[in-house]
Amino acid sequence: MTGFLDKAYGTKDPAATRRLYDDWAASYEDEIAENGYATPGRCAAALARFASDKSAPILDFGCGTGLSGLALKLAGFSVIDGMDLSPEMLGEARKKDIYRALSVVADTGAPVIPKGQYSAIAAMGVIGSGAAPVHMLDNLMHALPRDGKCVFSLNDNALRDPAYEARVMEWTDCGAARLLFREHGDHLPGIGMKSNVYVLEKA
């Protein structure tokens, strides 16, 4: 790994993560493009399989520079809002003219996601080591209405920690959510990293 990518998995708190991504914003897309970043396209395609109305508003949580929003748009979603921890990343996302609205996530406490406002929430490459903590999945799922869908990914670093998949199973085992999709595939093939892509439907 080179550049900022090797630092991304080592940040320990939201403030440090915000600083890293602010500093990385200008070169982020070039660096991950060099490594064949595949997860946004995989996530968007998976969600599109189960979305009943692609014109309904969707939240791209942890949208970064907008690569995830671009993947959603290419998959047919038309009304996309974005949230991210990094103002600099949001500045890059704004240039793409993909999002209806963009907002900064506070680095303390749970993000303020209006409950029931979005029938689908995406968190592509967002939850994991050096990024959003495992309990972020709970926040996203609680914000969904009944039958709402959450597409997210866990890369190989996260999957080595059993707490991440255990949190997914906590939702499915008690019947609070249904697992519609799970697939292991490319994440950053340039560095040999893969990820699981999931689609959960809230019961």
Item to check | Long-range amide H partners of Ser129 with built H, under 5 Å | outcome: Ala158
Checklist entry - Three principal axis extents, largest first, for the C-alpha atoms of the range 64-199, in Å? => result 39, 38, 33
Checklist entry - Which whole-percent values make up P(r) of the range 36-76 when all C-alpha to C-alpha distances are grouped in 10 Å steps starting at zero? => result 30, 61, 10
Checklist outcome for this item: The local net charge around Ile121, scoring Lys/Arg +1 and Asp/Glu -1 for residues other than Ile121 whose Cβ lies under 11 Å from its Cβ, equals 0
Item to check | Net +/- balance of residues flanking Pro145 in space, Cβ distance below 15 Å, scoring K and R +1, D and E -1 | outcome: +2
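Values quoted throughout were computed directly from the atomic coordinates according to the rules given, and no laboratory measurement underlies them. Given the structure is predicted, the values throughout are model-derived calculations rather than measurements. Glycine also receives a Cβ, built like all others from the backbone with ideal geometry; neighbour counts cover every protein chain displayed.
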